[in-house]
């Protein structure tokens with residue numbers, strides 16, 4: 001099997017690096033590595049998602065689904081310190097990095113652990129699920145994430161995601177509209193779309 005950032009155990013030789021990046025007006029330090037998504041900087045789509053996320057009106061935890069080395073979970077946990085942020089990924093190297101980055105950036109209201117989708121989240125429900133989905137895993141995997149997210153949201157909860165037009169944003173929105181009561185295009189930029197899907 002070829003090595004992807006959504007592989008459980010990346011086989012590529014580890015070459016860790018550390019760099020600083022500004023999100024929501026604050027500078028964070030991230031340790032990254034080969035075998036994780038966007039290892040050299042926080043990619044534009046992720047930044048667009050972070051910058052446009054709005055806190056839902058209901059109480060409850062947040063979920064960073066497919067957290068990678070942690071930029072979404074870290075930035076949003078830091079901004080919304082009254083919320084508990086759960087961060088999960090299937091990539092064990094990414095999980096180790098996210099744990100390190102949480103500690104290094106002194107984020108207290110977040111935790112990270114292994115989960116293949118929602119496999120280790122059976123007793124959790126969320127006010128918001130935030131994700132930059134692994135498009136290369138294929139449409140079947142992505143749409144399953146949408147369906148599972150709907151079931152794991154609290155009443156009035158929201159699914160937030162970013163996706164490129166050329167990688168299927170229009171069809172993804174149609175799928176979301178089949179599953180959710182309302183879907184809003186919150187932001188667009190450089191071919192990326194940020195969607196917020198909501199069930200009343």
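All of the numbers you see were taken from the coordinates with simple rules; none came from a lab. None of these values were measured; they are calculated from a predicted model. Glycine gets a Cβ as well: all are built from the backbone with ideal geometry, and neighbour counts include every protein chain shown.
Sort 179, 24 by Cβ crowding within 10 Å, fewest neighbours at the top.
Going from sparsest to densest Cβ surroundings: 24, 179.
Among 41-47, 70-76, what's the highest-first ranking by average C-beta atoms within 10 angstrom per residue?
Highest to lowest by the protection proxy: 70-76, 41-47.
For a test of the definition: using alpha carbon positions, the gyration tensor, and the 1.5 limit on a/c, classify the chain as rounded, prolate or oblate.
Rounded shape, in that the Cα axes give a/c under 1.5.
Would you give the gap between the C-alpha center of region 16-53 and the C-alpha center of region 144-188, rounded to a whole Å?
That distance is 23 Å.
As a footprinting exposure proxy, order 186, 112 by other Cβ within 10 Å, with the fewest listed first.
186, 112
Calculate the length of the line joining the C-alpha centroid of region 62-76 to that of region 85-125, in whole Å.
Their Cα centres are 8 Å away from one another.
Pairs of alpha-carbon atoms within less than 8 angstrom and 6+ residues apart define the contacts here; what relative contact order does the chain have, in percent?
It comes to 19 percent, rounded to a whole number.
Sorted from fewest to most neighbouring beta carbons within 10 Å, what does the list 19, 160 look like?
Placing the least packed residue first, the sequence is 19, 160.
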